[in-house]
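K.L.:
Input: one structure, supplied below.
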There are 2 protein chains.
Amino acid sequence: MTDNSDWFNAKYSEHVVLSIRIKERIFSTKSKYQKIEVLDSFEFGKVLALDDVINVTERDEFIYHEMLSHVPMFTHPSPGNVLVVGGGDGGVIREITKHSSLKRACLSEIDPEVVGVSEKYFPELSRSLGDPRVDLVFNNAADLIKSNQNIFDIIIVDSTDPIGAGEELFSLDFYKNCFRSLTHRGILCAQSESPFFDPDIVSRLYDIARQVFPIVRMYIAFMPSYVSGIWSFLYCSRHYDPINNFQAVRYNETPLKMNYYNDEIHKSSFALPSFIKKQFDL
Amino acid sequence: MTDNSDWFNAKYSEHVVLSIRIKERIFSTKSKYQKIEVLDSFEFGKVLALDDVINVTERDEFIYHEMLSHVPMFTHPSPGNVLVVGGGDGGVIREITKHSSLKRACLSEIDPEVVGVSEKYFPELSRSLGDPRVDLVFNNAADLIKSNQNIFDIIIVDSTDPIGAGEELFSLDFYKNCFRSLTHRGILCAQSESPFFDPDIVSRLYDIARQVFPIVRMYIAFMPSYVSGIWSFLYCSRHYDPINNFQAVRYNETPLKMNYYNDEIHKSSFALPSFIKKQFDL
């Protein structure tokens, strides 16, 4: 930029950069797994950046976390036992603990420093990590699911991009093990990158999912701070259809405080633009 | 940026800039109304920039033009006479001329140089401007509608942002005159900016529309090259409801070539995230 301001340049691709003006660089460290930065920005509030990629912003994190969490939670009729893979910031945990059906949530985060940073700098995000139903496990989720069969009603994969630590979470083996660790009527949802800027990653992931799960769908949401503003989510299921099995009664009877997700959004997010349907055979 | 590449910096706000890497700056001029530039970019193909704002990119213009055009065209049962306000690039004209019901389209563009630039550099966008049903009128649309009453089935407002030449198109007087120039069952659709980055503009526009039209709705679409990636469109109508009056039979019987819009998108684009419903009282 041309002035003397401090800007954080989030690289969308080799050719596109989103630059956000920074008030203050609050924290920076290099953990065993990744570079972790906390920045205070004018437009997006506080920002958590992992390896120079925007991971969470205070301004729009609710969109991502609500959509990744409530779509499966309001499709399964009684989600009691949930595994969250990644998501050490606590955003998914905050959303799923809003559901009274939840009995136990296991958060499997490989990098303890992400949890520490979130607890220190993002209290709004991490506030439910202390919920008595939540177990924090610092390990590689890919290992954890190998030794657990038929126990999770829902698995939520809140991974980083498929480079470095996140790569294993985009593999066929991982999806096979997830399938086995789900109950017979279990659901897996995962963030699945931008269908606009990362079509190759998206294609590969959906091809893998289709090899493993009988029901594979994509849903999408607006994410202003993420690449292209279009974010996709992978819905995989052993039994439940996300539209036909939407739990309307539970949704209406137990209003939860949400800012993006609602019953109409639940359904409409599965309506895909024609170019996405065509490109990914959906 | 830090390398020697040429970048075009599209300012989203004082604090957010989308930078796209440029292969070549093809054309630049200053018309009576605005600065007009044509750039060739790596990620978005050719870009038309008006007053330093991205107006059209080859990569994603189909989204904006399809959504602005086909939502009203597939709600009105027989759209014969259509006024397009602005839109000198020809994108809306290309979409509405796909409909065989169309008898006459009037394109009212204030700046002849936009049409010339589009015809020269964006043949895919401007290719239907020569359709025999299309009249090009180089004038101020705000004046044109004052002298036309009860004649248009649909008015499509493809304006620039509400600064400079585009400002009058966001006024109460303009909406009152549009109302009068529509038939008794007429529909007006307008681009209505980003609900995420421009909430004040959006609020003001919807307040104006509600003073004039009995039916006022918002619909949204993903626009990767526009501010925030979320773009909103204003649907105003004297009679038809965009969901209940969707022309399913005509949609199914006359398949048109489209890349974003489809019957599911028509309906789902009116399902709004909770924060948008709340903020704009929708």
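K.L.:
Does B:Val71 satisfy being aliphatic (A, V, I, L, M), within 14 Å of chain A (Cβ to nearest Cβ), more than 30 Å from B:Asn244 (Cβ to Cβ) and buried (at least 24 other Cβ atoms within 10 Å of the Cβ)?
P.N.:
no
To keep it simple, each residue is scored yes or no on (1) polar (S, T, N, Q); (2) modelled with pLDDT of 95 or more; (3) in contact with a helix residue (DSSP H, G or I) (Cβ under 8 Å, 6 or more places away or on another chain); (4) outside the structural domain of A:Lys35 (by TED's automatic domain parsing).
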{"residue": "A:Gly80", "(1), (2), (3), (4)": "no, yes, no, yes"}
{"residue": "A:Leu83", "(1), (2), (3), (4)": "no, yes, yes, yes"}
{"residue": "A:Gly91", "(1), (2), (3), (4)": "no, yes, yes, yes"}
{"residue": "A:Glu95", "(1), (2), (3), (4)": "no, yes, yes, yes"}
{"residue": "A:Ser100", "(1), (2), (3), (4)": "yes, yes, no, yes"}
{"residue": "A:Lys103", "(1), (2), (3), (4)": "no, yes, no, yes"}
{"residue": "A:Ile110", "(1), (2), (3), (4)": "no, no, yes, yes"}
{"residue": "A:Val115", "(1), (2), (3), (4)": "no, yes, yes, yes"}
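K.L.:
Restricting to region B:187-218, count the residues that are in contact (Cβ under 8 Å) with a residue 12 or more places away in the chain and either in a loop (DSSP other than H, G, I, E, B) or of a type outside the set (A, V, I, L, M) (or both).
P.N.:
From region B:187-218, those in contact (Cβ under 8 Å) with a residue 12 or more places away in the chain are B:187-199, B:201-206, B:208-209, B:211-218; that's our starting set.
From what's left, either in a loop (DSSP other than H, G, I, E, B) or of a type outside the set (A, V, I, L, M) (or both): B:189, B:191-199, B:203-204, B:206, B:211, B:213-214, B:217.
Counting residues in region B:187-218 that are in contact (Cβ under 8 Å) with a residue 12 or more places away in the chain and either in a loop (DSSP other than H, G, I, E, B) or of a type outside the set (A, V, I, L, M) (or both) gives 17.
K.L.:
A:Ile187 passes all but one of (1) touching a Ser or Thr at 6+ places or on another chain (Cβ under 7 Å); (2) under 30 Å from B:Leu18 (Cβ atoms); which number fails?
P.N.:
(2)
K.L.:
Something else: Taking into account only those residues within region B:128-179 that are in contact with a Lys or Arg (Cβ under 6 Å, 6 or more places away or on another chain) and part of a loop (DSSP other than H, G, I, E, B), which is surrounded by the most Cβ atoms within 10 Å (Cβ to Cβ)? Show your work before the answer.
P.N.:
Going residue by residue through region B:128-179, those that are in contact with a Lys or Arg (Cβ under 6 Å, 6 or more places away or on another chain) are B:128, B:133, B:149, B:177.
Add one more test, that the residue is part of a loop (DSSP other than H, G, I, E, B), and what stays is B:128, B:133, B:149.
Working: B:Ser128: 18, B:Arg133: 16, B:Gln149: 13.
Applying the filter and picking the extreme gives B:Ser128.
K.L.:
Within region A:260-282, track down each residue that is in contact with an Asp or Glu (Cβ under 7 Å, 6 or more places away or on another chain) and either surrounded by fewer than 17 Cβ atoms within 10 Å (Cβ to Cβ) or aromatic (Phe, Trp, Tyr) (or both). Give the derivation first.
P.N.:
So in region A:260-282, the residues in contact with an Asp or Glu (Cβ under 7 Å, 6 or more places away or on another chain) come out as A:260-261, A:271.
Answer for region A:260-282, where residues must be in contact with an Asp or Glu (Cβ under 7 Å, 6 or more places away or on another chain) and either surrounded by fewer than 17 Cβ atoms within 10 Å (Cβ to Cβ) or aromatic (Phe, Trp, Tyr) (or both): A:Tyr260, A:Tyr261.
K.L.:
Checking the conditions here, which among A:Val85, A:Val71, A:Val92 is assigned to a strand (DSSP E or B), within 22 Å of A:Ser269 (Cβ to Cβ) and within 17 Å of the chain's Cα centre (by Cα)?
P.N.:
A:Val85
K.L.:
Against the condition assigned by TED's automatic domain parsing to the domain that holds A:Leu144, modelled with pLDDT of 95 or more and polar (S, T, N, Q), how does A:Ser31 come out, does it pass? Give the steps one after another, and end with the answer.
P.N.:
Values: assigned by TED's automatic domain parsing to the domain that holds A:Leu144: no; modelled with pLDDT of 95 or more: yes; polar (S, T, N, Q): yes.
In short, no.
K.L.:
What is the number of the single condition among (1) within 14 Å of chain B (Cβ to nearest Cβ); (2) outside any strand (DSSP E or B); (3) touching a residue at least 60 places away in the same chain (Cβ under 8 Å) that A:Ala221 does not meet?
P.N.:
(2)
K.L.:
Here's a follow-up. Which pairs do you get when a residue that is in the same structural domain as B:Leu102 (by TED's automatic domain parsing) and within 24 Å of B:His76 (Cα to Cα), found in region B:144-170, comes within reach of a residue that is in a loop (DSSP other than H, G, I, E, B) and hydroxyl-bearing (Ser, Thr, Tyr), reach meaning Cβ atoms under 7 angstrom, with the pair 6+ apart or on two chains?
P.N.:
Matching pairs, first to second residue: B:Leu169/B:Ser159.
K.L.:
When you go through B:Leu169, B:Leu256 one by one, which is the residue that is away from chain A (no Cβ under 14 Å) and among the aliphatic types (A, V, I, L, M)? Reasoning before the result, please.
P.N.:
On the way: B:Leu256 fails: away from chain A (no Cβ under 14 Å).
Answer to the selection: B:Leu169.
K.L.:
Can you name every residue in region B:224-233 that is at the interface with chain A (Cβ under 7 Å from one of its Cβ atoms) and either in contact with a Pro (Cβ under 9 Å, 6 or more places away or on another chain) or within 19 Å of A:Ile265 (Cα to Cα) (or both)? Spell out the reasoning first.
P.N.:
To start, the set of residues in region B:224-233 that are at the interface with chain A (Cβ under 7 Å from one of its Cβ atoms) comprises B:224, B:228-230.
Correct list: B:Ser228, B:Gly229, B:Ile230.
K.L.:
Going through region A:100-126 one residue at a time, which ones are surrounded by fewer than 16 Cβ atoms within 10 Å (Cβ to Cβ) and outside any helix (DSSP H, G or I)?
P.N.:
A:Ser100, A:Lys103, A:Arg104
K.L.:
How many residues are surrounded by 22 or more Cβ atoms within 10 Å (Cβ to Cβ), modelled with pLDDT of 95 or more and aliphatic (A, V, I, L, M) when one looks only at region A:230-255?
P.N.:
1
K.L.:
In the set B:Val216, B:Val227, B:Val137, which member is in the same structural domain as B:Phe275 (by TED's automatic domain parsing), over 30 Å from A:Ser232 (Cα atoms) and either modelled with pLDDT under 95 or in contact with a strand residue (DSSP E or B) (Cβ under 7 Å, 6 or more places away or on another chain) (or both)? Give the derivation first.
P.N.:
Details: B:Val216 fails: over 30 Å from A:Ser232 (Cα atoms); B:Val227 fails: over 30 Å from A:Ser232 (Cα atoms).
Selected residue: B:Val137, the only one of B:Val216, B:Val227, B:Val137 that is in the same structural domain as B:Phe275 (by TED's automatic domain parsing), over 30 Å from A:Ser232 (Cα atoms) and either modelled with pLDDT under 95 or in contact with a strand residue (DSSP E or B) (Cβ under 7 Å, 6 or more places away or on another chain) (or both).
K.L.:
If you go through region B:241-253 one residue at a time, do you hit one that is outside any loop (DSSP other than H, G, I, E, B), within 14 Å of another protein chain (Cβ to nearest Cβ) and either in contact with a helix residue (DSSP H, G or I) (Cβ under 9 Å, 6 or more places away or on another chain) or among the hydroxyl-bearing types (Ser, Thr, Tyr) (or both)? Steps first, please.
P.N.:
Of region B:241-253, the ones outside any loop (DSSP other than H, G, I, E, B) are B:248-253.
Cutting the leftovers down to within 14 Å of another protein chain (Cβ to nearest Cβ) gives us B:251.
Next cut, either in contact with a helix residue (DSSP H, G or I) (Cβ under 9 Å, 6 or more places away or on another chain) or among the hydroxyl-bearing types (Ser, Thr, Tyr) (or both) only: B:251.
Looking for residues that are outside any loop (DSSP other than H, G, I, E, B), within 14 Å of another protein chain (Cβ to nearest Cβ) and either in contact with a helix residue (DSSP H, G or I) (Cβ under 9 Å, 6 or more places away or on another chain) or among the hydroxyl-bearing types (Ser, Thr, Tyr) (or both), one finds at least one in region B:241-253, hence yes.
K.L.:
List the strands (runs of 3 or more DSSP E) inside region A:1-54, counting only whole elements, that have at least 1 residues being facing chain B (nearest Cβ under 8 Å). Steps first, answer last, please.
P.N.:
On the way: elements: A:6-13, A:16-30, A:35-41, A:45-50.
Of the strands (runs of 3 or more DSSP E) lying wholly inside region A:1-54, those with at least 1 residues that are facing chain B (nearest Cβ under 8 Å) span A:6-13, A:16-30, A:35-41.
K.L.:
Quickly run through region B:44-57 and pick out the residues that are buried (at least 20 other Cβ atoms within 10 Å of the Cβ), touching an Asp or Glu at 6+ places or on another chain (Cβ under 8 Å) and of a type outside the set (A, V, I, L, M).
P.N.:
B:Phe44, B:Lys46, B:Asn55
Here's the yes/no breakdown for (1) among the aliphatic types (A, V, I, L, M); (2) in contact (Cβ under 8 Å) with a residue 60 or more places away in the chain; (3) on the phi > 0 side of the Ramachandran plot:
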| residue | (1), (2), (3) |
| --- | --- |
| A:Asp40 | no, no, no |
| A:Asp60 | no, yes, no |
| A:Glu66 | no, yes, no |
| A:Ser78 | no, yes, no |
| A:Gly90 | no, no, yes |
| A:Arg104 | no, no, no |
| A:Pro132 | no, no, no |
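The values are calculated or read from the model by the stated rules, or taken from the named source; none is laboratory data. Not measured: the values here are computed from a predicted model. No Cβ is skipped: glycine too gets one built from the backbone with ideal geometry, and neighbour counts run over all protein chains shown.
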